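The values are calculated or read from the model by the stated rules, or taken from the named source; none is laboratory data. On a predicted model such as this, the values are computed, not experimentally measured, just so you know. Using ideal geometry, Cβ is built from the backbone for each residue, glycine included, and neighbour counts are taken over all protein chains shown. Ligands, DNA and RNA are excluded from the accessible area calculation, which covers all protein heavy atoms including side chains. Shrake-Rupley method; radii C 1.70, N 1.55, O 1.52, S 1.80 Å.
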Amino acid sequence: MYWRDMYKREFEAEVVAVDGTKVLLDQTAFNPRGGGLVSDTGTLGGGRVVEVVKEGDDIFHAMQEPAGFRVGDTVHGVLDWDRRYRIMRMHTSAHILSAVVHRETGALITGNQISPDESRVDFNLADFDRGKIQSFVDGVNQAVARELDVRTFFMKREEALATPGYVKLANAMPPNLSELRIVQIGDVDTQADGGVHVANTREIGRVAAVKTENKGKDNRRLYFTVEDATA
Ligand SMILES: [Zn+2]
């Protein structure tokens, strides 16, 4: 459901399996941990969902306490929307940031962690001074201010793999998928991606650098956050 409608914050689903605190549903709007994104949290049938994880093709909801659901029960799910919406804003920002850094330096992203309060992106870059960071962040905010639409669509795997830049981490794409989901942020970034994004960059507001760290000789880590444009 989070692929069909990334703005879905409440839903009904049927319980398919229960194992202690783990609950499997026939469908879900909870985005599981993965691709550098922390998972959604929220409630299911009034009980707390503390984490959502993907195991194979299954998405398990980890409850704080055994929920007492039975297979076949219909349950109401509610996402912690403030958290989820910040994850979406952060994630789209991270894509724009990696596109800007790549455009200006040729550096590639080596890792990322998207969290609601503070996110980070790692680059294979030797030199990352204050002036450079500011120019990257300015470049991101210029793209954000252009109010670019974010579009998702599906593409045949071979076609996506053959398009330069679409698949950043070829081995991260499960080989059993015949179609890949593509996320396109205006003319700034297009790549195969499974995560949740905002529909338009205007929703990001403004991106601000928090701090940087050296993680080895050619690895630089940039922490950033998103703020409301009026803040
Ligand atoms: Zn992504």
Check your understanding: So how exposed is Met6, as accessible area in Å² (1.4 Å probe, rounded to 10)?
Key -> 30
Review point. Cα centroids of the stretch 1-79 and the stretch 93-139: how far apart, whole angstrom?
Key: 32
Review point. For the stretch 8-114, which GluC sites (Glu not before Pro) are both in a DSSP coil and crowded by at most 12 other Cβ atoms within 10 Å?
Key: none
Study note, to complete from the structure: Length gained, Ala209-Glu51, 0.36 nm per residue minus C-alpha separation, equals 54.1 nm
Practice item. Report, as a whole number in µm² per second, the diffusion coefficient that Stokes-Einstein gives for the stretch 23-122 at 25 °C and 0.890 mPa s using the Kirkwood radius over alpha carbon pairs. Key: 164
Exercise for review: Kindly give Rg over Rh for the stretch 98-181, based on alpha-carbon atoms, with the Kirkwood expression for the hydrodynamic radius.
Suggested key: 1.01
Study note, to complete from the structure: D (µm²/s, integer) via Stokes-Einstein for the stretch 6-50, Kirkwood Rh across alpha-carbon pairs, 20 °C, 1.002 mPa s: value 185
**Study point:** Sites Ala17 and Arg181, calculated FRET efficiency, Cβ-Cβ separation with R0 22 Å, nearest 0.05
**Key:** 0.30
Study note, to complete from the structure: Summing +1 per Lys or Arg and -1 per Asp or Glu among the other residues with Cβ less than 14 Å from Asn214's Cβ gives +3
Practice item. Show that you can apply the helix-only estimate: for the chain, add -39,500 (n - 2.57) for every DSSP H stretch of four or more residues, divide by all residues, and state [θ] at 222 nm to the nearest 500. Key: -6500 deg cm²/dmol
Study note, to complete from the structure: With the 8 Å Cα cutoff and a minimum separation of six or more residues, the stretch 1-155 has a relative contact order in percent of 19
Practice item. Would you please calculate the Kirkwood hydrodynamic radius of the chain over all C-alpha pairs and express it in Å, rounded to one decimal? Key: 18.7
Practice item. Please state, to two decimals, what the Cα-based radius of gyration of the stretch 178-231 comes to when divided by 2.2 N^0.38 Å (N = residues). Key: 1.49
Study note, to complete from the structure: As straight-line cross-link partners of Lys217, the qualifying aspartates and glutamates (C-alpha separation under 16 Å, not fewer than 8 residues apart within one chain) are Asp122, Asp127, Asp129
Revision key, fill the gap. Restricted to the stretch 1-147, the DSSP antiparallel beta bridge percent, nearest 5, is 95
Point to revise | 0 to 90° range, to nearest 10: angle between helix 81-105 axis and the chain longest Cα axis | key: 30
Point to revise | Straight-distance crosslink candidates among lysines, where the alpha carbon sits under 28 Å from Lys22 and sequence neighbours closer than 8 are dropped | key: Lys8, Lys54
Practice item. Could you state how much accessible area Asp19 has, in square angstrom rounded to the nearest 10, with a 1.4 Å probe and all protein chains kept in place? Key: 100
**Study point:** Carbon/sulfur fraction of accessible area - the chain, other protein chains in place, 1.4 Å, %
**Key:** 47
